[in-house]
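The values are calculated or read from the model by the stated rules, or taken from the named source; none is laboratory data. All of these numbers come straight from a predicted model, not from anything done at the bench. All Cβ positions, glycine included, derive from the backbone under ideal geometry; neighbour counts span all protein chains shown.
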Amino acid sequence: MRRFIIDTDTASDDAVAILMAHRWPDVQVDAVTIVAGNVPVEMGAKNAGYTIELCGKSTPVFLGNPRPLLREPSWAFFFHGPDGMGGMNYPPPKRPPEAEHAVDALIRLTRARPGEYTLVTLGPLTNIAIALGKAPDVAQKVKQCYVMGGAACTVGNITPAAEYNVWVDPEAARIVFQSGLPILMVGWEHCRGQAALDEADMKLVRSLRTTFADFALDCNTAALKAATEWLGDPGLTLPDPVTMSIALDPSVCMDRQKHFVDVETGSDLTRGMTVVDRHGVLNKEPNIEVCWTIDFVKWKDTLYRMLR
């Protein structure tokens, strides 16, 4: 049984990723830690808790930092709806968040089982950066970290240069990227194009006629509208579930290579840009594995199996 910790700013696509992990046969999710990003931490905890209970699980949820390290919060209600879940107004979960802070939970769990935890981050990296500041040894105790964040040598989704999660807290991302944590960076670009759920894909999901399938589409109604009308994508883009599919089945990522990656923190124009030295021109030690190509068919099959 593989052990996961999920760090998330739970809105609609995060919820689908959380659902996938909780339904995967050989994965046990031991904690869901909440970070400020798409929505405030209290709302993120509510959305995560509802999703966990929908799966029939009782995974503890831990509230994390309510704001980025240095900057003001930048919510994504414009993309995910007023509740982060497409305006579905799901009820609060029966189980409230734990009293322990998310950062302390991350440190406690990884120290208790060194080399066992897969860490999947679906939001800004604030909690992870603070945990590494308090306990640098955590970087060596995590088995593998999958980061949904950044844009590798391509366009951003919140500015021309930056992907949202890294842009929200670039200082935190820079700390995490320089920490020695074994990271696979899965940029937002991998949810676009053929990876997006087009009309035929969404019709297939509806045809499954399960609570999970309906939930996956219903909570993403606002995200679908934003992706198609604002970003010009061909359908529903699901960056967090794509990343989760790779964490669940690493073969979904067909091409991964280690490069030196840094994060821009000083410029207003390119704030949060993930600078990937793909050709090694800086002559710096590679620090991050970057996912360059995914198997679109395998990604969608992974999703469909978890929604059945």
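Remarks
- Residue selected from segment 243-280 under the condition hydrophobic (A, V, I, L, M, F, W, C) and over 18 Å from the mean Cα position of the chain (by Cα), by the criterion nearest to Arg3 (Cα to Cα): Met254
- Every residue from segment 60-71 that is closer than 15 Å to Thr8 by Cβ and assigned to a loop (DSSP other than H, G, I, E, B): Pro60, Gly64, Asn65, Pro66
- Segment 185-242 holds helices (runs of 4 or more DSSP H) entirely within its bounds, and those carrying 2 or more residues that are within 20 Å of Leu122 (Cα to Cα) and in contact (Cβ under 8 Å) with a residue 60 or more places away in the chain map to 211-218, 221-229.
- Test result for Val176, among the β-branched types (Val, Ile, Thr), out of contact with any Leu (no Cβ under 6 Å at 6 or more places or on another chain) and at pLDDT 95 or above: no
- For segment 72-89, the set of residues classified as in a loop (DSSP other than H, G, I, E, B) and in contact (Cβ under 8 Å) with a residue 12 or more places away in the chain consists of Pro73, Ser74, Trp75, Ala76, Gly81, Asp83, Gly84, Met85, Gly86, Gly87, Met88, listed by residue number.
- Within segment 140-180, if we keep just the residues that are part of a helix (DSSP H, G or I) and of a type in the set (Phe, Trp, Tyr), the residue that is farthest from Glu72 (Cα to Cα) turns out to be Phe177.
- Checklist (1) hydrophobic (A, V, I, L, M, F, W, C); (2) under 23 Å from Ala48 (Cβ atoms); (3) within 16 Å of the chain's Cα centre (by Cα) applied to Phe177, failing item: (2)
- In the set (1) touching a residue at least 12 places away in the same chain (Cβ under 8 Å); (2) farther than 21 Å from Thr110 by Cβ; (3) surrounded by fewer than 22 Cβ atoms within 10 Å (Cβ to Cβ), Gln28 fails one condition alone, (2).
- Here the condition is being among the aliphatic types (A, V, I, L, M) and over 27 Å from Leu217 (Cα atoms); of Ala151, Ala102, it holds for Ala102 alone.
- Odd one out for Arg209, checked against (1) within 20 Å of the chain's Cα centre (by Cα); (2) at pLDDT 95 or above: (1)
- Looking across segment 157-174 at every residue that is of a type outside the set (S, T, N, Q) and touching a Phe, Trp or Tyr at 6+ places or on another chain (Cβ under 7 Å), the one that is surrounded by the fewest Cβ atoms within 10 Å (Cβ to Cβ) is identified as Ile158.
- Among the residues making up segment 97-139, those that are without any contact (Cβ under 8 Å) to a residue 40 or more places away in the chain, assigned to a loop (DSSP other than H, G, I, E, B) and surrounded by fewer than 16 Cβ atoms within 10 Å (Cβ to Cβ) are Ala99, Glu100, Pro114, Gly115, Asp137.
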